[in-house]
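Engineer: Structure provided below as structure tokens; questions to follow.
The values are calculated or read from the model by the stated rules, or taken from the named source; none is laboratory data. Here the structure is a predicted model, which is why all the values come from computation and not from measurement. When we count neighbours, we look across all protein chains shown, and the Cβ atoms used for this are built from the backbone with ideal geometry, even at glycine.
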Amino acid sequence: MKPYKITIFIFSCIALLAVLAGVFPKDGIRINDDTIIEFASLNSYIGISDHSPSVPDTLAQQDTVPQVKEIILTKEDSMQLYLKDLQKIQLPFVNPTDSNVQIDWAYLDAFYESLVNADSTCVNIVHYGDSQLEGDRISQTLRMVLQKQYGGGGVGLLPFFPTIGSMTMSEQTEPEPTTRYMVYGAQSLRRPQSKHYGPMGQVAVINGTYKSLFYPATKKANRFEAQYYNRFLVLAKTDSVCTITVNKQKKQLTPSDDMQILCFNLTDSTTNLQATVEGKADIYGYRMQCERGVTVDNIPLRGCSGTIFTMIDPQQLKSYFKQTNTKLIILQFGGNSVPYIKSGKQIDTYVNQLTTQVKYLKKLAPDAKMLFIGPSDMTTKKQGERITYPLLPDLDDRLMLAMRQNGVAYWSMFQAMGGQGGMIKWVQDGLAGNDYIHFSRKGATKMGEMLTEVLLAGQEYYLYRLKKQLEAERLEAEQINLQTDSNLQSVK
């Protein structure tokens, strides 16, 4: 081939590549959550970096996060240490419209007070989240520490028919119910013209006889408080006849339009149990607890972004929160939305949707405090390299600000992991899987320990202030008594 033809061929190839680079989608073509087909950009051919910092469209127009004027109640060094740990949880603003925004340091006090009094009543924590919670991961660690410190037992809520095994309690139900509805997941799983999903966001519609066996998921030598319980609750509704038998105790479910909670008191604390349901009913779940102490519900909603609570009947949620004395609701969402957020406007839309959900739950559980946990670090591939999803840090910041402005505490799991690139380190350390999204069991335990640590730091700060308050009241009482005695002496 003649030289000029070779030259024309080479330049034709370069021109074709340049055209492809110009029209190929900048973010590539996504095949699945972990595979993206990318093409080198035109800038890369002419030596200009594609990784220059950018500001999302709507975020660039917003005001920055307001400067926070922190309230320091005393200058003692010991309290400063508590505050340093406590600040890992971003507490709500007292009045976000005030020019000098102040932090509500006492926001979680009512929850901490309930822990102190858990020896006389049952205190419940509800932990909602996505697939990061499956198998009782993260929640289990929080439950173990709090039950060991404040008493209690049982794993809290369990579905009527488990689809994912638990690290804490094993359940076998036969036969499998033919009809189940879920408020999360595919649209085809939704219940037609009904919001009756119960507090777990799922319901089994049964007609017949079903037997469930419960037993610890670990060996006897490794059993812990959550595997012992003396109360068994059944959440159900029927418009017909339904009989429930638990360890030979038999009760009738009364026909009603509302969800009922039947309580079976067991003669002794147990780890094994059999429940039989006969008849026609909607079963929303089982619950294991003790008469006193702490219980933590683990409620994983696979594939959920946290925008489904307003689709659940408000009376069912309100009734459950009240009857179980729920004092803290934890919402852990965001990860399922991260891969699909492409602009600041989409961040705003998602944050507004979550704000609607927390307002809804706050109204239904006025006695409970709320903690929102943002998404973990997650990575995608950019020209063959692992990087944090570009808009994840902005989403984390916007969620934090929105929650605090709406009276909800916030914990940044993204920052707790080390910020951008944190997931890469977690995978290298065996704390997360090769999908660079989900924690390994070891990583979930570590995340549970980190969550428990920041919550207990707040508890220490509360107890410190309570001690100071009691000391001040005692000194004031002594001064009053001394003044009274002095007045009596003067009269004499």
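Engineer: For the stretch 308-343, what are the residues that are over 26 Å from His438 (Cβ atoms) and buried (at least 20 other Cβ atoms within 10 Å of the Cβ)?
Structural biologist: Gln316, Leu317, Tyr320, Phe321, Thr324, Thr326, Lys327
The rows are residues; the columns are (1) at pLDDT below 95; (2) among the polar types (S, T, N, Q).
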site	(1), (2)
Gln90	yes, yes
Val94	yes, no
Val123	no, no
Asp136	yes, no
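Engineer: With the checklist (1) farther than 17 Å from Thr141 by Cα; (2) free of Cβ contacts under 8 Å to residues at least 24 places away in the same chain; (3) not β-branched (Val, Ile, Thr) in hand, flag the one item Gln420 doesn't pass.
Structural biologist: (2)
Engineer: Within the stretch 248-260, can you find the residues that are surrounded by fewer than 16 Cβ atoms within 10 Å (Cβ to Cβ) and in contact (Cβ under 8 Å) with a residue 40 or more places away in the chain?
Structural biologist: Hit for the stretch 248-260 is Asp258, nothing else.
Engineer: Output the number of residues of the stretch 140-170 satisfying the condition of being of a type in the set (Gly, Ala, Ser) and either in contact with an Asp or Glu (Cβ under 6 Å, 6 or more places away or on another chain) or over 27 Å from Lys211 (Cβ atoms) (or both).
Structural biologist: 5
Engineer: Let me ask something else about it. List, please: which pairs have Cβ atoms under 7 Å, are six or more places apart or on different chains, and start with a residue in the stretch 168-193 that is closer than 27 Å to Ala226 by Cα and end with one that is part of a helix (DSSP H, G or I) and not hydroxyl-bearing (Ser, Thr, Tyr)?
Structural biologist: Listed by first residue and then by second, the contacts come to Thr168/Gln140; Thr168/Ala226; Thr168/Gln227; Met169/Gln227; Met182/Leu189.
Engineer: Which one is surrounded by the most Cβ atoms within 10 Å (Cβ to Cβ), of the residues in the stretch 107-136 that are among the aromatic types (Phe, Trp, Tyr) and in contact with a strand residue (DSSP E or B) (Cβ under 7 Å, 6 or more places away or on another chain)?
Structural biologist: Result: Tyr128.
Engineer: Taking the condition of being surrounded by fewer than 24 Cβ atoms within 10 Å (Cβ to Cβ) and in contact with a Leu (Cβ under 8 Å, 6 or more places away or on another chain), how many residues in the stretch 150-163 meet it?
Structural biologist: Selection size over the stretch 150-163: 1.
Engineer: So which residues in the stretch 377-410 are over 16 Å from Ile437 (Cβ atoms), touching a residue at least 60 places away in the same chain (Cβ under 8 Å) and part of a helix (DSSP H, G or I)?
Structural biologist: Asp394, Asp397, Arg398, Leu399, Met400, Leu401, Met403, Arg404, Gln405
Engineer: Picking from Ala457, Ala409, Ala472, which residue would you name as being under 25 Å from Ala110 (Cβ atoms), surrounded by fewer than 18 Cβ atoms within 10 Å (Cβ to Cβ) and of a type outside the set (D, E, K, R)? Full working, then the answer.
Structural biologist: On the way: Ala457 fails: surrounded by fewer than 18 Cβ atoms within 10 Å (Cβ to Cβ); Ala409 fails: surrounded by fewer than 18 Cβ atoms within 10 Å (Cβ to Cβ).
After ruling out the rest, the residue left standing is Ala472.
Engineer: Using the structure shown, decide if Met167 is within 22 Å of the chain's Cα centre (by Cα) and modelled with pLDDT of 95 or more.
Structural biologist: no
Engineer: Which count do you get for residues in the stretch 347-373 that are within 23 Å of Ser114 (Cα to Cα) and β-branched (Val, Ile, Thr)?
Structural biologist: So the answer is 2.
Engineer: Follow-up question, since we're still on this one. If a residue has to be surrounded by 14 or more Cβ atoms within 10 Å (Cβ to Cβ), assigned to a helix (DSSP H, G or I) and not basic (Lys, Arg) to count, how many in the stretch 421-448 make the cut?
Structural biologist: Residues meeting the conditions: 10.
Engineer: Could you list all residues from the stretch 179-209 that are exposed (fewer than 12 other Cβ atoms within 10 Å of the Cβ) and in contact with a Gly (Cβ under 9 Å, 6 or more places away or on another chain)?
Structural biologist: Within the stretch 179-209, Ala186, Gly208 meet the criteria.
Engineer: Quick check on the stretch 344-365. Is at least one of its residues buried (at least 16 other Cβ atoms within 10 Å of the Cβ), of a type in the set (Ser, Thr, Tyr) and either modelled with pLDDT under 95 or in contact with a strand residue (DSSP E or B) (Cβ under 9 Å, 6 or more places away or on another chain) (or both)?
Structural biologist: no
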